[in-house]
Structures are given as C-alpha cells and as structure tokens.
Amino acid sequence: MEVLEEERKKLAMIQQQYRDLISYYNEKIKTITRDYKNDPFMQANLLEQSTSKLQLLEKTINTPFFGRIDFLHEEDDADTVCYIGKVGVLDHQGNPITVDWRAPISTLYYDSNIGYAEYCAPEGIVKGNLKLKRQFNIEGGKLKSFQDVDTVSNDELLKPYLSTSADNRLKNIVATIQSEQNAIIRKSLYANLIIQGTAGSGKTTVALHRTSYLIYNEQKNFKENQFIVIGPNAYFMDYISSVLPDLDVHSVTETTFLNIVNNYLGEKIKIIDQNARLEEILNGKQIDPQITFKSSLKYKKAIDLFMDHIEKDIIHGPITLRNMVLFTEDDMRRFFEKKSLGILQRMNEFIKYAKKDLKKRSDALKDAYWQQYRDEYLALPLDSLRRKEILDDTSSFDQDVTKNVDSILKEYFKDYQLKPLTLYQLFILHIKQYVTDEDCDLEKIKADTLKAIQTKTFGYEDLPALIYLNLKLNGYQGYDEYIHVVIDEAQDYGLFHFQVLKDLFKNSTFSIFGDLAQSIYSYQSIHNWESVICDVFDEKAELLKLEKSYRTTAEIMDAANLVSKWFGFGDAKAVLRHGNPVHVYQMDLENAGCKIQERIGKFLESGFHSIAIICKDEKEAEALSKVLKISQVEHHVISSKNAKYDGGICLVSSYLAKGLEFDAVIIYDVDRYDVKSELDMKLLYVAMTRALHELDVTYQKELIYPLVSLNRK
C-alpha cells in the first residue's frame, strides 16, 4: 500500500505539472494573438504549435503514463526513472515529465527483462541494468493498481485489456504492445517489411503504431505528410482517422488504392465493385482467366514492350522548316533519354528548351536560310519579281521561327499527345504483338477491355495498367515525394498492383501487412509473399510473422483453426484467454428469428455492445433480414452501399465483415460453405475470426465436415 500511495502522489504531481503547462499555453496563445496581430503568417505558425501542445496535454492529463522503468546506466552509474506515456512532455527547462513510448529508451519497457539490458540510441548502444518495470492501471485520472512485471509479453497481463468490449480495445493498446509487435514497429525506416499476420494478431494496430514511431523518430529528416497509409476501403479510412490523432499523428496521407487511381489519372472512371464480382462467383459464375492475367507481371511486361515501341517512334526524324533542320535527332534524344520523367514531361521539357534555343538562334537561322538564295538573289535583275519572292520568303521564314514555333513543335509530336485511356486502347488494339501466352484468349481480352474503355468502367485488375501507363506518360505527379508507404490488407493485391505502387512511390520504403488465409479475392491476388519479395522487391524485403491472435478466446481460435488447416494453413496461436465453448446448433429460416432473438438477448445480458449475424453473402443477408424484422429483432444491415458500422446489432456478409470485430458473432447457415472451395473456406475463416468473446455456429441440415468435432465438445 505504501508503494501504491507513492505512485498516486507521483501521478498527482505529474497531473499538476500538466495543469501548469496547460495554463502556460493558454496564456501563450493570448500573447501570440495580441503580439503578432500585424504578422498573420507568424501568428498562424505559433498558434498552431501552441494549440497542438495544449490539445495533447488536455487529451492525456487523465492518463499521462501507463508504465515506468528504472534503468541504471553502466557507463556513468546514473539512475534514470522514466514514466512512459502515449506522448512525451517536457517542462519549461526541457526536462522530461513523461517519456514518449516511441523514444529509444522506451523499448526497454516492451522488450527487456529485469537485469542486464541495452537499447539502441542515436549516440549508440546504451548498456545498463533494468531494475524495475511497472505497469499501471489508471482510470478516470485515478491510479487503481499497478503490477511490477518482468516482461510485458505475458498472457496474464493482457487478459484485462483483451476482455474488454470491441469499442474499448484500442484504449490501452500502447501499454500492451508485445515484443514481436514492437520489433516490427521499431524496424528501420529504410527496411522494406512484409508482415504475414494471422487474424486478430494486431496487423492494423502495428501498422498505425509503426507509422507513429517512424514519424516521431524521423521528424528531423522528413515531414509527417511524406508518409502515406493505404487501406482497403472507406470504412478503414474512417477508422484510422480516429486512431492516428491519438498516436500524435495528424498530417499523414490516408487513402485507398482506388482513391490513388482516381486522383492520379485525372479522368473520371467507374470501378466495378469487387464484392459484386465476388457475389457472382459465389453464385456459380466462372472466374475469368483474364482477371488473373491482368493482375500479373506478364501483363506489365507486355505493356513495357508496347511502351518501348511508342518511345522509339517519338523521335521520327529531324524537326525541319522549309528543308532547314531546326533540331537533329541527337538534339532531341538527350531529352528523351531521361527515363525519370514521363513521356509528356520530356516532350514539354524539350519544347520549353526548343523555344528558348530558337529565340537565341533566330538571326543565325535566318542568315543560313538567306544564304541558300543569296547567289540567286544577287544575280537577278533589280526589277525581277523573283527577287521580291525571295525577300518575302526569307521574311516569313523568320516569322515562322520566332512566332509559329509552337505549331511547328506540336505538329511534330501530334501523334503522341495521348491520355492514359487512349494509350490503353492503343495497346489493346495491338495486344497480339506483345502477348505470346497461348493460354490467354486475346480476342476476349480485346473485346472486353475495349468495351471497358468505351464505358470508362474498369475491373480492379485493369487499374495497375492504367496507373502504369499514366506513370509512363505524365510521371510521378508528386508521389515520388513520399518516403514511406504502409499498406494494410495487402493480401488482396496482385503482383502488378504491388509493382506499380513500388514504381509510383519510387523513393519510398514499404511496410506491407496482410494475411494470406484471408485472401478472398485470390483469383486476382498473390498466393505467397515470396513472389512479392523476389519479383517486386528484388529480394530487398524482409518477411516477418505475427502468429499470435489477441482478438479471440482460445476456444474460438481453436474452432477457426479447424477451417484454416482444411485449406492448407497452419494454426494461429491464441493468447491464453479462455471463454465459453463455441455454441453449435441447428436452425432454419423458419425458426431463425426466434433463436437469434434468444441468443442476442443473452449476449446483451453479458454486457456485449457489438453483435454480428454473419451470412455467406448479401443475398442471404437480405433474406434473413426480412425474417428478423418479422420477429422484431432490431438490427442494422451492412451492405456494399452502406459499409459503415458504428456498433450495435448488425447483419453482414462474410466478405464485408473482413477487417471488423465484434463482441459476439452468430454465423448463419454454415452448411452453405462448400468444403471443396478454398474461397468458401477462407470466407468462413474470416467470419469465425471476427468474434472477440462469443461465437455461435448454426447450420440447417448438416454441420460441414471440418467443424464436426465442435458438436462433440
């Protein structure tokens, strides 16, 4: 109790220091507003700095820290006591009140055991003795308890955090980062990482914390807006936009692959919804082989051959005016060899140069043109009409050189002033010249793609080609200014998608997060990470794994593993958090309303706030929704048109549930999942791994074979 009281006093003291700083910054804001009223630019800058610090203090004053370490430095025998929080705060003298979790010394809290320890600081390796590691439970600004721990990576310590409801799980995540997660978060900015993470392993959490960590540690070298996070959909963007500010990240670009396509192309196009296509496949439509082909690097190689021909044809002889050579092919070639620029950029650069050059050389060119006719002119009688023709022709030549140079240059390049869609059409029209793959139905690809270009409606598989062609035409358009790209749900990308992002973000390193077991668009996406490492990153990328699931109970994870093993994936390791057994029962459409109502009632009694009934597809979800309405079961339907989820009871298809998590899940009609279909089994795996605490599996006729052992428990 004595130690607890001491720590409570320390908390109160730090909170008072925060209050003093809050008062200081409030006064400072008033002073800035008054003193810099005649300098709005300086006023805006200073106000932004002070307001940002004020907001951080106000946001964290109730929970200024979550951990403490006592470290005795080997070199100078000095004892350092650090209270670690979501953000670091300095007093007026620049001394730390709390230490940022992203600071180098904080890694001792996550990774080191009591005793000899070391960490990597900017000045080198710091060695010493870790004497104390303490974890605090602070609620409502009050210290409730603490635990002295040897390592944060302890299932018992995690249980209180993992047992909370879905909407509270991120609240204390910084306090419970595990060593395998921390190792990924703190990897160098200059490393390309691919992280294969099992369902519930914290991929998104690690991705966002890595972004925050890199920004904090690289702030002297790069700006925050040079980092970009690419997520799978609008729901993800909505989610991370609320999480990143809590991690002291405010100016990172947050986008989706589809948004990049629309913004970068500069043309309005429609994109076929991936889930609509998935619905068709689930309903028996055959997978079109061209989807796989267009997502491959074979397709990129064909486009490269096409673009080589285009580039070779651009310089098609000298630029002449009335048989006078203005620019030779060699004059132009040194501009068009600049592969770092797009074709149109190179043209524009040459045109800009040509105008200036012709202005300088106009007298010399006029004289050279005159020399062609000089002897003839001097030999003619003074009253000869031919003499006047020569003078007029020489004068008009000079006018063409100085005033009509634009039209001369545009005429030379007229066949190459293309847009990406026009270029794509040109490629498709001549595709047989560039594709030798006998397995491809080139006539079908040609017909389907020309129709897509005409209607400006494209499948996901066409998007890498469009980006790539625009890159070849118009260059990077600012995307080369980014220095790090984070991609979440990356298992849904094809090799061409990865390659075009690597080409577009040419100065960036990558942190790529995904789970191949949840690759539900496998007809257009990768099948292993090794191909990405070898074919896209030339072996300059590291594959890391997050194999432990922190989302679900051991009972739920064991059940999900029955499915993942069925389609060839290994077991995920669950944190040792036990709950109720997976509840398996028979249910048909007639009694579904009554049974689901009963189960939801029990979930609500248990204090669960987020409950999902997961159907295989949207068609089934619509049918079940009608039954639930008759039984007066209040629920919200998540559909492709309305993919937002804000808690409560919802009805959702298996593929739209990907990326979401719920306190309790009821999987409806599990016997609709075909055990012979890898896609079906992956969808079932996704559905089962959405549950945090309770999972119900229902079937109409017979429980599918991979799950029969659940009925024996």
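The values are calculated or read from the model by the stated rules, or taken from the named source; none is laboratory data. A quick note: this is a predicted structure, and the numbers were derived from the prediction, not measured. Methodologically, a virtual Cβ is constructed for each residue, glycine included, from the backbone with ideal geometry; neighbour enumeration extends over all protein chains shown. Accessible surface is based on the protein model in full, side chains and every heavy atom, while ligands, DNA and RNA are left aside. Shrake-Rupley method; radii C 1.70, N 1.55, O 1.52, S 1.80 Å.
Would you please name the chymotrypsin sites (Phe, Trp or Tyr not before Pro) within the range 181-280 that are DSSP coil residues with at most 12 other C-beta atoms within 10 Å of their C-beta?
Loop-located and lightly packed - Tyr190.
Using r as the Cβ-Cβ distance of Lys142 and Gln55, and R0 as 25 Å, what FRET efficiency do you calculate, to the nearest 0.05?
Details: r = 23 Å, r/R0 = 0.90.
Efficiency for this residue pair is about 0.65.
How long, wide and thick is the chain, going by the Cα atoms along their three principal axes, in whole angstroms, largest first?
Largest to smallest, the principal-axis extents are 120, 71, 46 Å.
Dipole of the chain (Lys/Arg Cβ +1, Asp/Glu Cβ -1, origin at the Cα centre): which of Gly85, Ile230, Thr253 lies farthest to the positive side?
Thr253
Just going by the charge dipole of the range 1-78, with Lys and Arg at +1 and Asp and Glu at -1 on Cβ, which of Ile61, Asn38, Met13 is farthest out on the positive end?
So the residue we want is Asn38.
Pairs Lys294/Lys444; Lys312/Lys540; Lys294/Lys540; Lys59/Lys187: which exceed 22 Å Cα-Cα?
Listed pairs above 22 Å: Lys312/Lys540; Lys294/Lys540; Lys59/Lys187.
So which GluC sites (Glu not before Pro) in the range 506-614 end up in coil per DSSP with only 16 or fewer other C-beta atoms within 10 Å?
Here the GluC sites (Glu not before Pro) that fit, given the DSSP loop and packing criteria, are Glu539, Glu547.
How much FRET efficiency would the formula 1/(1 + (r/R0)^6) give for Ala276 and Leu378, where r is the Cβ-Cβ distance and R0 is 60 Å, rounded to 0.05?
0.15
Accessible area of the range 475-619 with a 1.4 Å probe: how many percent of it is carbon plus sulfur?
Working: 2580 of 5510 Å².
C and S atoms contribute 47 percent here.
If you take every residue apart from Asp304 with its C-beta less than 13 Å away from the C-beta of Asp304, what net charge results, scoring Lys and Arg +1 and Asp and Glu -1?
Summing Lys and Arg as +1 and Asp and Glu as -1 gives +3.
Along the Cα→Cβ direction, 7 angstrom out, place labels at Asp357 and Asn113. What is the inter-label distance in nm?
Those two pseudo-labels are separated by 7.1 nm.
Over its Cα atoms, what ratio of radius of gyration to 2.2 N^0.38 Å does the range 512-628 give? Don't skip to the answer; put the middle values down first.
On the way: Rg = 19.0 Å, N = 117, 2.2 N^0.38 = 13.4 Å.
Its radius of gyration relative to the 2.2 N^0.38 Å reference: 1.41.
Percent antiparallel among DSSP beta bridges with both residues in the chain, to the nearest 5?
40 percent
Give me D for the range 404-468 in µm² s⁻¹, whole number, from Stokes-Einstein with Rh from the Kirkwood sum over alpha-carbon pairs, 4 °C and 1.567 mPa s.
Diffusion coefficient, whole number: 95 µm²/s.
At q = 0.20, 0.23 Å⁻¹, what log₁₀ I(q)/I(0) does a Debye calculation on the Cα points of the range 80-134 give, no solvent, two decimals?
The Cα Debye sum returns log10 ratios of -0.75, -0.95.
Just to confirm, what accessible area per residue do you get for the chain at 1.4 Å probe, in whole Å²?
For the chain, the per-residue accessible area is 47 Å².
Taking 0.36 nm per residue of separation and subtracting the Cα-Cα distance, what length does fully extending Ser631 through Lys540 add?
Length gained between Ser631 and Lys540: 27.0 nm.
Work from the charge dipole of the chain (Cβ charges, +1 for Lys and Arg, -1 for Asp and Glu, about the Cα centre) and give the residue of His73, Ser212, His635 farthest towards its positive end.
His635
May I have the convex hull volume per residue, in Å³, for the Cα set of the range 172-221?
Here the figure is 77 Å³ per residue.
With respect to the cross-link table entries Lys220/Lys472; Lys360/Lys506; Lys602/Lys701, which display a Cα-Cα separation exceeding 27 Å?
From Lys220/Lys472; Lys360/Lys506; Lys602/Lys701, over 27 Å: Lys220/Lys472; Lys360/Lys506.
Rounded to the nearest 0.05, what FRET efficiency do Glu702 and Ala623 have when you use their Cβ-Cβ distance and R0 = 22 Å?
Calculated transfer efficiency: 0.65.
Using the Kirkwood radius built from alpha carbon pairs, what does the Stokes-Einstein equation give as D for the range 230-273 at 25 °C and 0.890 mPa s, in µm² per second? Each step should come with its number before you reach the end.
Values: Rh = 11.7 Å.
Using the Kirkwood radius from Cα pairs, D works out to 211 µm²/s.
Can you list the equivalent-ellipsoid semi-axes of the range 272-322, largest first and in whole Å, using the square root of 5 times each Cα gyration tensor eigenvalue?
Over the Cα atoms of the range 272-322, the ellipsoid semi-axes are 43, 12, 7 Å.
Between the DSSP loop rule and a limit of at most 14 other Cβ atoms within 10 Å, which GluC sites (Glu not before Pro) in the range 60-158 are left?
Glu74, Glu75, Glu123
How large is the charge dipole for the chain, taken about the Cα centre, if only the Cβ atoms of Lys, Arg (+1) and Asp, Glu (-1) carry charge, to the nearest 20 debye?
Computed about the Cα centre, the dipole is about 1120 debye.
How large, in percent, is the carbon and sulfur part of the accessible surface of the range 238-288 at a probe radius of 1.4 Å? Kindly include the intermediate steps, with their values, before the conclusion.
Values: 1180 of 2580 Å².
The computed percentage sits at 46.
According to the Kirkwood expression over distinct Cα-Cα pairs, how big is the hydrodynamic radius of the range 329-370, in Å?
Mean inverse Cα-Cα distance, inverted, gives 11.4 Å.
Around Gly141, what is the net charge, scoring Lys/Arg as +1 and Asp/Glu as -1 over all other residues with Cβ under 13 Å from its Cβ?
+3
State, as an integer percentage, the relative contact order of the chain based on alpha-carbon contacts under 8 Å between residues 6 or more apart.
On the way: 1101 pairs, mean separation 92.7, N = 713.
Across the chain, relative contact order equals 13 percent.
Tell me the mean residue ellipticity at 222 nm calculated for the chain from its helices only (DSSP H runs of n ≥ 4, each -39500 (n - 2.57), averaged over every residue, nearest 500).
-14000 deg cm²/dmol
Counting only residues 5 or more places away or on other chains, whose amide H sits under 5 Å from the amide H of Gly67 once H atoms are built in the peptide plane?
Ile84, Phe136
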